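Input: a single structure, listed below in structure tokens.
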Amino acid sequence: MSGSSRGEFSSSFGFIMAAAGSAIGLGNIWGFPTQTAQNGGAAFVLLYLILAFVVGYPILLAEFTIGRHTQSNPVGAYQKIEGGKRFVPIGFLGITAVGFILSFYSIIAGTMIAYFINPILKLIGLNDAAAWVTSQGVSSNMLFASLFFFLTILIVAAGVKNGIEKWSSRLMPTLLVILILLTIYVLTLDGAMDGLKVYLLPDFSKVLDPQLFTSALGQAFFSLSLGVGSMLVLASYTSKKENLIRLGRLVTLSDVGIAFLAGLLIIPAMYAAAASGTEIFDASGNLISGPNLIFQVLPALFNTMGPVGILLSIIFFFLMVIAALTSTISMLEVPVSYAVDNRGMHRSKASIIIGLIFWAVAMTIALNFDLLFNFVVSATTQFIQPLLGLFICIFVGWVMNRNTLIQEIKQGNPEIENSLFMKIWPLFIRYVSPILILIILVQAFL
Ligand code: PFF
């Protein structure tokens, strides 16, 4: 449907970059290392990897399939598919949840802008201003989150081709290279090997901790942008020629790969910092963690590198802002596509109005950070996203016509019908993924 008013990615590469751009973001470089530190290291990493492939990937493919089949947003998609009417409220829950994710996310993304600006201000001698921007006080948080919101709205208002595709197709490879270089450097520092052990050698006694499961599942959903409709909407803009199974695999592997790499950088960097005198354990002997973790560890690391560190720090935080933007674009796109498809609103008007609503939510969180931030993060990522994923499994596995499903996946991949994959994937969507989600959600409440 090239040329229609909804817009379409102009190439397979554009779609991969947009979907990978949505997946790869603060969830990988801020969320994953923080969660790993909070949950004691390798046991969390192992569980996250398993859940990303066993629960995340099958659901990603389900979202891609619904999205491309209906060429619509989560609400429109359920309205269009036979048997989907009862699921419409789930579509609305997704649209709302993604707005709340966007709101807390913009605060951390704003901090990335602050850390990008900080060394530049220092270089021109504005040391007080530099200290203020990274103070993470209420006013600096509000300012930078607002700036970040403004950028997101601007890009979403511009539409699929000019917005998402253009931004996502750039700069991500650079981020990968920098992460690899930094990791190699960190691993040469004193103390880093202790961190590597914590990161890679699981303490199996921890694997039975219920919180570990809740965190790992939430992290898998958050990192792969699942449940809330971002992946569904992106797929709605892609062509019938694409092989969705392959694209899903690429997105999952690159997302998990970047998260793993970020952990390989941050956890050893914490231990390297400890070796040079920084306290990394709290009063009860656990690794320090929390939303600030990487903002303590990374600048300390860059500081050990002299002038090169200053340059790297500017590039790194710039790339983080871009990575965050390619994710928030895919978030705001969900309610905006609903407003455009179902309400006939103009794209730019919808982007501004909806953007402002969630900007107000972000400001409320920034003003009540201690009270609201962690609560909104865990409510959305650890409970609502998996819950929405559960409903997607029920819908695709049990309600949607199997033939419709296969026909959709077959487009762009004609020989798939009798493959082993098409025997296994439905089993995951019907049984394995929903049962795992259900068990983890239930045990979290017990
Ligand atoms: N996956 C993104 C990240 O890891 O930073 C966050 C995200 C994007 C969550 C889009 C949800 C979403 F719909």
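The table below gives the values:
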{"item": "Test: residue in the range 353-362 that is open to solvent by 50 Å² or more (accessible area, probe 1.4 Å) and on the phi > 0 side of the Ramachandran plot", "result": "no"}
{"item": "Positions within the range 317-350 being away from the ligand (no atom under 16 Å from the Cβ) and either farther than 27 Å from residue 361 by Cβ or open to solvent by 10 Å² or more (accessible area, probe 1.4 Å) (or both), in sequence order", "result": "318, 340, 341, 342, 343, 344, 345, 346, 347, 348, 349"}
{"item": "Candidate set from the range 208-241 (those that are over 26 Å from residue 11 (Cβ atoms) and over 17 Å from the mean Cα position of the chain (by Cα)); member that is least open to solvent (accessible area, probe 1.4 Å)", "result": "212"}
{"item": "Candidate set from the range 410-446 (those that are in a helix (DSSP H, G or I) and either touching a Phe, Trp or Tyr at 6+ places or on another chain (Cβ under 6 Å) or among the acidic types (Asp, Glu) (or both)); member that is nearest to residue 59 (Cα to Cα)", "result": "440"}
{"item": "Residue in the range 243-252 that is touching a residue at least 60 places away in the same chain (Cβ under 8 Å) and closer than 29 Å to residue 305 by Cα present", "result": "no"}
{"item": "Lone qualifier among 14, 40, 21 - being more than 15 Å from the ligand (Cβ to nearest atom) and part of a helix (DSSP H, G or I)", "result": "14"}
{"item": "Selection count, the range 84-141, where residues are open to solvent by 10 Å² or more (accessible area, probe 1.4 Å), more than 16 Å from the ligand (Cβ to nearest atom) and part of a helix (DSSP H, G or I)", "result": "23"}
{"item": "Top-ranked residue of the range 242-262 - restricted to ones that are polar (S, T, N, Q) and under 15 Å from residue 22 (Cβ atoms), ranked as least open to solvent (accessible area, probe 1.4 Å)", "result": "252"}
{"item": "Breaking point among (1) within 12 Å of the ligand (Cβ to nearest atom); (2) open to solvent by 10 Å² or more (accessible area, probe 1.4 Å); (3) not β-branched (Val, Ile, Thr), for residue 8", "result": "(1)"}
{"item": "In the range 395-409, the residues that are open to solvent by 60 Å² or more (accessible area, probe 1.4 Å) and in a loop (DSSP other than H, G, I, E, B)", "result": "401"}
{"item": "Boolean, residue 100 is within 20 Å of the chain's Cα centre (by Cα) and more than 16 Å from residue 399 (Cα to Cα)", "result": "yes"}
{"item": "Qualifying residue in the range 265-272 (condition: open to solvent by less than 30 Å² (accessible area, probe 1.4 Å), within 16 Å of the ligand (Cβ to nearest atom), closer than 18 Å to residue 118 by Cβ and outside any loop (DSSP other than H, G, I, E, B))", "result": "no"}
{"item": "Qualifying residue in the range 229-250 (condition: in a loop (DSSP other than H, G, I, E, B) and near the ligand (Cβ under 9 Å from one of its atoms))", "result": "yes"}
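Let's see how each residue does on (1) at pLDDT below 95; (2) in contact with an Asp or Glu (Cβ under 6 Å, 6 or more places away or on another chain); (3) within 15 Å of the ligand (Cβ to nearest atom):
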residue: 214; (1), (2), (3): no, no, no
residue: 220; (1), (2), (3): no, no, yes
residue: 252; (1), (2), (3): no, no, yes
residue: 262; (1), (2), (3): no, no, yes
residue: 282; (1), (2), (3): yes, no, no
residue: 286; (1), (2), (3): yes, no, no
residue: 292; (1), (2), (3): yes, no, no
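The values are calculated or read from the model by the stated rules, or taken from the named source; none is laboratory data. Bear in mind the structure is a predicted one, so any value in this text is a computation, not a measurement. Ideal geometry is used to build each Cβ from the backbone, glycine not excepted, and the neighbour counts take in all protein chains shown. These accessible areas exclude ligands, DNA and RNA; they are computed on the full protein's heavy atoms, side chains included. Shrake-Rupley method; radii C 1.70, N 1.55, O 1.52, S 1.80 Å.
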